[in-house]
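Report on one structure; see the data block that follows.
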Amino acid sequence: MASDNLGDYERVQEEGKYSLEADIPTITFTEIGKRGIRRMDGYEKASGKAIYTRDMQLPGMLYGRVLMSPYARAKILRMDTGRAEALPGVRSIMRYDDPEIEGRGLNGSYFAPGWVGRQLKRSGLVEDELEGWGLKPVRPVLGDEAWYEGQPVGVAVAADSEDIANEALRLVDMDWEELPFVLDQEEALKPDAPILRPNSDSNLLEDPRQLLEVGDVEKGFKEADRIIEFTARRNAHLWAGAEMASVLVRWRGDNLEMWLREQQPYHAKMLFAEWMDLPMNRITVHSPYMGCSFGERGNPANNPSNGMNILAALFSKRTGRPVKFLYNRNETFFGESGDMMVSYFKVGAKEDGTITAVQIKNVFAVYMCTPGIEHFIDNTRIPNLKCEAITVDVSKAAAWWDRCEQLPNTFCFTLVFDHVAAELGMDPTEVALKNDGYDSRDTTHLSKYKSEHGFPDRDSLRECIKAGKKAIGWDEKWHPPGTKKLPNGKMHGMAFTWDHAWDDVRGTGSAAILIENDGTVSIIGQQADIGVNPWTAYCQIVADELGMRYQDINIKPFDLDQGFALMSPDGSCNLCSNGIVLRKAARKAKKMLLELAAQKFEDVRPEELDTKDRIIYVKSDPKREKTIKEVVARAMPMFASAGYWSEAPVIAWAWHTHGVWGEALETGRPRLGRQSHFIEVEVDTETGTVEVSRVVNVNDVGKAVSPETVEGQMYGGSYLGVGRSLTEEMIWDGKTGVLLNRNLLDYKYATMVDYGPVDAIFLETGLGHGPYGAIGVGEATATMMPALLGPAVYNAIGHWIDDFPITPDKVLKALGKA
Amino acid sequence: MKKFSHVNALTIDEAVSILRRYGDRASLIAGGTDLLGKMKDRILSRYPEALVNLKTIPGLDFIKEENRILEIGALTRLEDIAIDQTVRGGYAALAQAANRTASPHLREMGTIGGNICQDIRCWYYRHPNNRFPCLRKGGGRCYAIEGDNRYHSIFGGSVEEGCYAVHPSDTAPALIALDAEIRTSKRTIKAGDFFQVEVTKTTVLDEDEIVTKILVPRPPENAKSGFVKFALRKTIDFPIVNCAALISSSEGKVSAARICLNAGYVKPYRASRAEEVIVGKTFNEADAEAAGSAAVSEAKPLPHNGYMVQIAKTMVKRAILACG
Amino acid sequence: MKEAMSKFLCPYCSTTFGVFEELKAHAISDHKTESVPAPEGLIRLTVNREVHEIQVEPQWTLNYLIHDRLGLTSPKMFCDRGACGSCTVILDGRPILSCMTLAIECDGTTIETAEGIAKSNHPLLDSYVKHHTMQCGYCTPGFITTSKAFLDRNPNPTEEEIREALSGNLCRCGTYPQHPKAVLEAAKNLREG
């Protein structure tokens, strides 16, 4: 379709589509890739001036709190709120049987209630709009029955202070009937297990993504020299982000204003509007700084988001006062955990390391983030794959993905490859190279794709392995399992894993670029701060695209909630999708700028001009120049001609979509970049302690727009990822179904002194489909690290501990000492 | 937090008289790092109606050594003990124990008096809002016996043979190994006799009794002391097991030993069998290991804490070797 | 004689009174001689070099006082149980946890928060921004206060000592490796003025 024939709307759509072609840079990088750039938000954050939702206060504000079930499963038989109502300072009490709330559920799962769910039901993608993609199916905002400990249930209160609200909840007199519960997903499938959902005959949750099959695994097993079978388990770990859940809401007549701690403020507004039956244009959503989300606050469907927002708004409407709704730390332990899984593996391999078949059965509790086999499709030439993944309801809060939903995939991927290498006695880096590819095809097909779409002909996996091996001293140190005792008496172990780099970004965003009258630039678009410092990168991109300097560009992403949103529900798109939005908008703005400049030069056409270092110059005669500032001096975005002549503003916007969520490879973009990770451990065989002495992460990021940001993501991923398999574990009491370690003393995540040095090595191959060939890195390291500890401990002591986290008791047990 | 009254005591006598007057309706506060957590979580069977602040009493924050006795005021911060040159020089186990307690911030706040008087950390006992009415609260049973007891006692229980919660102090075993004495508002108690497990109590202190200072005799010249700790993280955490030892030796042979484990039993556990085994031996792996085995010879672990026996054994071994 | 005896002389201003009760009333009202107990909970503390006299309730934590009442948002509520270091302020030179400290017990103290450290142009701020020593930033002020208190005591630290000093500060974004770089640079800038 020739773009000349397109209507305005069609042109925006056409411009917004993703491309399969390599994004070869057409500009000179001045700010992009530079070190030492001052972070956009750095001073505000370091000085404590950055305001988070939890910090907010408004005049006359009330504090909202909700009762959390103390039981794993129970029903309220009687509830008397009389004493709570009589407590001075209590301004409103919401009971489960109050008309605003009775019988009403949360809305807002992507594949569940709300209009998204209804659309999907209509299209036949899901059978029941109330039961989506493995999410906890029974989800009242405030009901009289609890299906897990920590579920908001029965009663909520708004009071003059948090202390009064807490005291009021204590004064509610209740009789409960405790009901049978089950904590383990495999136990929940047994015939004598209590059925947790009403009107159901099984705890198995329906899910459309249960079975994935490629080729014929039976054929693959026949071709194999060895069959390797093992079982692994991954227990629940918690997100535990720094800022606890909160929201602040105030009604202004028919308008509603919200300060949200949400990753996708626009999406949250959409869902909230639906629940409240409010026109969207009457809701204003602010998105202040956010304490550590990384996906956790990307679930608009759970109680700490959707449920809390609804209760706060209802209280605010009742009382006519602003209401800040809060969870305390021990309440944040419900609904933020990762998924739990038990995995049964059967793998066929040839003696040379070629894997012929992988069969996996994964049993998930409460929620399945991903089935577990996709990375073998995306990333290897293994022709025969089969994965059966089921999700079982248990008496625990619904899990959610936090950095990131690919954990089941990386867990299976690492364990399969490292078990195969161990069984064959091969160097695992060799096994990786032997099986690299995609979609049952070998790397020659990747090379073909690269050349057809303009990508450089580089072998990312080989480069990642080489860099990592060198950094950790692999060739000198690698040894057979259980053979290397260090001078300090501990057993040395090391391990390697690999995967494709996270070039599977989807997501949609839009933003505008305004060149202000003084020649500075504002990026217009709302975006929640999920912690990854995208704003600095956006400003670098816009500066280089416009021929300006980093310090000329600014973004104020907190308040403007109309139209321009840089964080779509798909998440995972901070740089690779949004970066393209900014690049497109900046190029359009530059075109407008040069058109305006051409008028001022009078005798040149726009295409004869270019910009550099805040100057617009004639390409054929660079001495002819004007500053950007003087060109735009009269271009007025907001100002009528007050007695003097003004010009149209230089403002341009762009929309971009990078594909939608779905099956692997659905966009037709094979992952070209790779990552490799190395770890060294020292196992104290007398105490079972696994000491992580060294981590080397190698990520092919395609292009590092902000090198410090890339390193920050890799460091963060290492600490989080290692912690998940070493010390982080949610521990339930079997007798009562109560979570025992509901605080940050007993739920243990790493401190600064817990691990040895972390090397963050990034490669820039240009092999990504993001801007300038970039590939996302925010989620990859954290997701890759957890399973890597298993093979490292195996290499140290010669015993597999496929039960994560690998705590000292398990190590001692494996050594026969406990 | 729920409201309470607050009194700044100016003398020990005043604090004592308030305790006598209000009984268990009043609580003492020094560093506050243990008490405020319990009040926030509402786990006390009786939420205090009044707090009596000891920090306003002058003269309880000092470290001095006189006549080969180290004296430490009860309000002395753990960090000050950890970095004090006298303590580090002559009383290494105590300095090391103070230095391994909690986190840097908590050591700046927490006092030595508070550290030895702190409450247990059992996760059933500490579960918010008194979810478990356990033995220690005067309730019917110990939930840890049937539940997850991975951090509980390996040497049996107490409170009518029921409560299996361990004593979490890092400095307590060091004080016992160093044969310290605890001076209170009424008496002087040997550190080894100071700890006691009863309903709502972890020490032998009377309701109206307040720790005022710690007295530690300087170990003989031929003695060395040391402290080792096992926890999942290198900082912040309470011990899973710790151990302190004071060992005298002459001509390479152990002549006397005082070894104390903690966090493995309801109160600090004097490893007397290990002491017997190591006396007369030299400092070597095998003898230290044998002493470690002797230390845990009477262990009777619960279903989930068998691994702690191996760790306790190792802690004893390493504490001994640290004194070599 | 009798008449002279009935004259009462004020010891402060020599005014005479015929009746003793009048002299007492005068001394109390004009010379403020009777000490009335200060209101319970009235404390005086210096925060970032500004003196505050404020009526507090016994159950208020120092964090609540500073954050919610004085409006200094840097001591962040993260774990609320003394396990994370995010609410650290410097109290009389010590880095302490404001969530586990009662405000009423801070009478007469001197407190510094990240806002005050920033206002004094301490080089930590610059080095933190330059080294991107934050991600979401929620825990960052706690690191700043802890580092400042540490550098006050140890102006020429090793990397190891820095890690040890900051070992009580949790950062869920995992910025740990970036802190020693920033603190070392700030220490160098401090020493070199």
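The values are calculated or read from the model by the stated rules, or taken from the named source; none is laboratory data. On a predicted model such as this, the values are computed, not experimentally measured, just so you know. In this analysis, Cβ positions are derived from the backbone assuming ideal geometry, glycine residues included, and neighbour counts consider all displayed protein chains. In case anyone asks, the SASA skips ligands and DNA or RNA and just uses the protein heavy atoms, side chains included. Shrake-Rupley method; radii C 1.70, N 1.55, O 1.52, S 1.80 Å.
Take every DSSP beta bridge with both residues inside the protein assembly as shown and express the antiparallel ones as a percent of the total, to the nearest 5.
Around 80 percent of the beta bridges assigned by DSSP in the protein assembly as shown are antiparallel ones.
Return one whole number: the accessible area per residue of region A:677-751 in Å², for a 1.4 Å probe. List each step's numbers first, then the result.
Numbers: 1070 Å² over 75 residues.
About 14 Å² of surface per residue is accessible.
If you rank B:Tyr164, A:Tyr772 by how much accessible surface each has, with a 1.4 Å probe, what is the order from largest down? Let's see the in-between values first.
On the way: B:Tyr164 35, A:Tyr772 10 Å².
Per-residue accessible area, sorted high to low, gives B:Tyr164, A:Tyr772.
Can you flag which of A:Lys817/B:Lys253; A:Lys748/B:Lys64; A:Lys748/A:Lys810; B:Lys137/B:Lys267; B:Lys137/B:Lys234; B:Lys253/B:Lys317 are past 26 Å Cα-Cα?
Working: A:Lys817/B:Lys253 30 Å; A:Lys748/B:Lys64 37 Å; A:Lys748/A:Lys810 17 Å; B:Lys137/B:Lys267 17 Å; B:Lys137/B:Lys234 31 Å; B:Lys253/B:Lys317 16 Å.
Cα-Cα > 26 Å for A:Lys817/B:Lys253; A:Lys748/B:Lys64; B:Lys137/B:Lys234; rest within.
Could you tell me what percent of the accessible area of region C:42-191 is made up of carbon and sulfur, with a 1.4 Å probe and every protein chain present?
46 percent
Percent of accessible area on region A:176-269 owned by carbon and sulfur, 1.4 Å probe?
45 percent
Which pairs, out of A:Lys317/A:Lys556; A:Lys350/A:Lys386; A:Lys75/A:Lys396; B:Lys40/B:Lys201; B:Lys229/B:Lys281, put more than 21 Å between their alpha-carbon atoms?
Violating the 21 Å limit, Cα to Cα: A:Lys317/A:Lys556; B:Lys229/B:Lys281.
Could you sort C:51-64, A:222-235, A:715-728 so that the peptide with the highest average Cβ count within 10 Å comes first and the rest follow in order? Write out the running numbers ahead of the final one.
Numbers: C:51-64: 18.1, A:222-235: 15.9, A:715-728: 27.2.
Top to bottom by mean Cβ count within 10 Å: A:715-728, C:51-64, A:222-235.
Taking a quarter of the surface of the Cα convex hull of region B:1-57, what do you get in nm²?
3.5 nm²
Per the Kirkwood definition applied to all pairs of different Cα atoms, how many angstroms is the hydrodynamic radius of region A:457-533?
18.3 Å is the Kirkwood radius here.
Rounded to two decimal places and with Rh computed the Kirkwood way over Cα pairs, what is Rg over Rh for region B:186-321?
Values: Rg = 16.1 Å, Rh = 16.1 Å.
Reported Rg/Rh, Kirkwood definition of Rh: 1.00.
Can you list the residues of region A:35-71 that have at least 40 square angstrom less accessible area with all protein chains present than in their chain by itself, probe 1.4 Å?
Relative to the lone chain, where solvent access is computed with a 1.4 Å probe, region A:35-71 loses at least 40 Å² at A:Arg38, A:Arg39, A:Tyr43, A:Lys45, A:Ala46, A:Ser47, A:Gly48, A:Tyr52, A:Asp55, A:Gln57.
Over the heavy atoms of A:Arg441, what accessible area does a 1.4 Å probe trace out, to the nearest 10 Å²?
That residue has around 80 Å² of solvent-accessible surface.
If you find the alpha carbon centre of region A:364-418 and of region B:107-136, how far apart are they in angstrom?
When both Cα centres are located, 40 Å separates them.
Report the per residue volume, in Å³, of the convex hull enclosing the C-alpha atoms of the protein assembly as shown.
Per-residue hull volume (Cα only) is 231 Å³.
Work out Dmax and Rg for region A:314-433 from the C-alpha atoms and quote the Rg first, both in angstrom.
Cα radius of gyration and Dmax of region A:314-433 are 20.5, 73 Å respectively.
Give the interface area between chains B and A as buried accessible surface, both sides summed, probe 1.4 Å, in Å² to the nearest 100.
3100 Å²
Would you mind calculating the gained length between A:Glu10 and A:Leu278 on full extension (0.36 nm times residue separation, minus the Cα-Cα distance), in nm to one decimal?
Gain in length upon complete extension: 93.5 nm.
Excluding ligands, DNA and RNA, what is the accessible area buried between chains C and A, summed over both sides, using a 1.4 Å probe, to the nearest 100 Å²?
So the total buried area for this chain pair works out to about 4000 Å².
Round to a whole angstrom and tell me the spacing of the C-alpha centers of region A:727-744 and region A:1-65.
If we compute the Cα centre of each part, the gap is 39 Å.
I need two numbers for region A:700-798: Rg to one decimal and Dmax as a whole number, Cα atoms only, in Å.
Cα only, region A:700-798: 17.2, 56 Å (Rg, Dmax).
Hey, what's region C:82-193 come to in accessible area per residue, 1.4 Å probe, Å²?
28 Å²
Once the convex hull of the C-alpha atoms of region C:1-135 is built, how many Å³ does it hold per residue, rounded to a whole number?
146 Å³
Summing +1 for each Lys or Arg and -1 for each Asp or Glu, what net charge is found among the other residues whose Cβ lies under 11 Å from the Cβ of B:Lys55? Show your work: numbers first, answer last.
Details: positive: B:Arg77; negative: B:Asp61, C:Glu105, C:Asp107.
Summing Lys/Arg as +1 and Asp/Glu as -1 gives -2.
List the lysines whose Cα sits under 28 Å from the Cα of C:Lys24, skipping any in the same chain fewer than 8 residues away.
Cα-Cα hits under 28 Å: C:Lys2, C:Lys7, C:Lys32.
Restricting attention to chain A, give the cysteines that have no other cysteine Cβ less than 4.7 angstrom from their Cβ.
A:Cys369, A:Cys387, A:Cys404, A:Cys412, A:Cys464, A:Cys539, A:Cys573, A:Cys576
So for the pair B:Arg20, C:Glu192, with labels modelled 7 Å out along Cα→Cβ, what separation do we get in nm?
Result for the modelled spin labels: 6.5 nm.
Using protein heavy atoms only (no ligands, DNA or RNA), what is the total accessible area buried between B and C, 1.4 Å probe, nearest 100 Å²?
Rounded to the nearest hundred, the buried surface is 2300 Å².
Of A:Leu407, A:Pro480, A:Leu424, whose Cα points farthest to the positive end of the dipole of region A:393-551 (charges on the beta-carbon: +1 Lys, Arg; -1 Asp, Glu; origin at the Cα centre)?
So the residue we want is A:Pro480.
Using a probe of 1.4 angstrom, how much of the accessible area of region B:99-143 is carbon and sulfur, in percent?
Working: 600 of 1220 Å².
So the carbon and sulfur contribution to the accessible surface is 49 percent.
Over what distance in Å are the Cα centres of region C:23-98 and region A:749-818 separated?
Measuring centre to centre over Cα atoms gives 46 Å.
What nm value, rounded to one decimal, do you get for the distance between A:Lys626 and C:His31 when each label is placed 7 Å out toward the C-beta?
8.4 nm
Averaged over all directions, how much area does the convex hull of the C-alpha atoms of chain B cover when projected, in nm²?
15.5 nm²
Given R₀ = 30 Å, FRET efficiency for A:Thr483-A:Tyr344 by Cβ-Cβ distance, to 0.05?
0.50
Just the number please: accessible area per residue for region B:1-57, 1.4 Å probe, all protein chains included, in Å².
Using a 1.4 Å probe on heavy atoms only, each residue of region B:1-57 averages 43 Å².
Rounded to the nearest 500 deg cm²/dmol, what is the calculated helix-only ellipticity per residue at 222 nm for the protein assembly as shown, with -39500 (n - 2.57) per DSSP H run of length n ≥ 4?
About -8000 deg cm²/dmol.
How much net charge surrounds B:Ser249 when only other residues with a Cβ under 15 Å from its Cβ are counted (Lys, Arg +1; Asp, Glu -1)?
0
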